[in-house]
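The values are calculated or read from the model by the stated rules, or taken from the named source; none is laboratory data. Predicted, not measured: the structure shown is a model, and the values here were computed from it. With ideal geometry, Cβ positions are generated from the backbone for all residues, glycine too; neighbour counts draw on all protein chains shown.
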């Protein structure tokens, strides 16, 4: 799965602070996209979609677009049932 840059934040902010957050997110996202474009083969629609929501790949599709290397094969991975999933 890949997605655009996000900001987890709660609190108050002035228009200037919100502008600074937005500028920073846009810069981070541009750097990330430039890096990903060096390795991934996505079409224009997928690149555009990445800016607004997460793109999910099956294992086979992840290999085809260059997201993973399948030297030793690849399997769908999932945490054991009932395990907590933590975003970092």
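For the stretch 30-45, how many residues meet the condition of being at pLDDT below 90 and closer than 16 Å to residue 63 by Cβ?
Selection size over the stretch 30-45: 3.
Across the stretch 68-88, which residue is farthest from residue 33 (Cα to Cα) among those that are at pLDDT 70 or above and surrounded by 10 or more Cβ atoms within 10 Å (Cβ to Cβ)?
Of the residues in the stretch 68-88, the ones at pLDDT 70 or above are 68-70, 80-85.
Narrowing the set further to residues that are surrounded by 10 or more Cβ atoms within 10 Å (Cβ to Cβ) leaves 68, 70.
On the way: 68: 17, 70: 23 Å.
Here the residue is 70.
Quick one: is residue 32 over 13 Å from the mean Cα position of the chain (by Cα) and surrounded by 11 or more Cβ atoms within 10 Å (Cβ to Cβ)?
Working: over 13 Å from the mean Cα position of the chain (by Cα): no; surrounded by 11 or more Cβ atoms within 10 Å (Cβ to Cβ): yes.
Here the answer is no, as residue 32 does not meet what is asked.
Looking only at the stretch 1-21, which residues are surrounded by 11 or more Cβ atoms within 10 Å (Cβ to Cβ) and within 17 Å of the chain's Cα centre (by Cα)?
Answer for the stretch 1-21, where residues must be surrounded by 11 or more Cβ atoms within 10 Å (Cβ to Cβ) and within 17 Å of the chain's Cα centre (by Cα): 2, 3, 4, 5, 6.
Taking the stretch 35-67, which residues are free of Cβ contacts under 8 Å to residues at least 24 places away in the same chain, in a loop (DSSP other than H, G, I, E, B) and exposed (fewer than 11 other Cβ atoms within 10 Å of the Cβ)?
43, 58
Of everything in the stretch 1-34, what is in a helix (DSSP H, G or I) and closer than 26 Å to residue 69 by Cβ? Give them in sequence order. Break it down into steps so the answer makes sense when it comes.
Filtering the stretch 1-34 for residues in a helix (DSSP H, G or I) gives 15-34.
Residues satisfying the conditions are 28, 29, 30, 31, 32, 33, 34.
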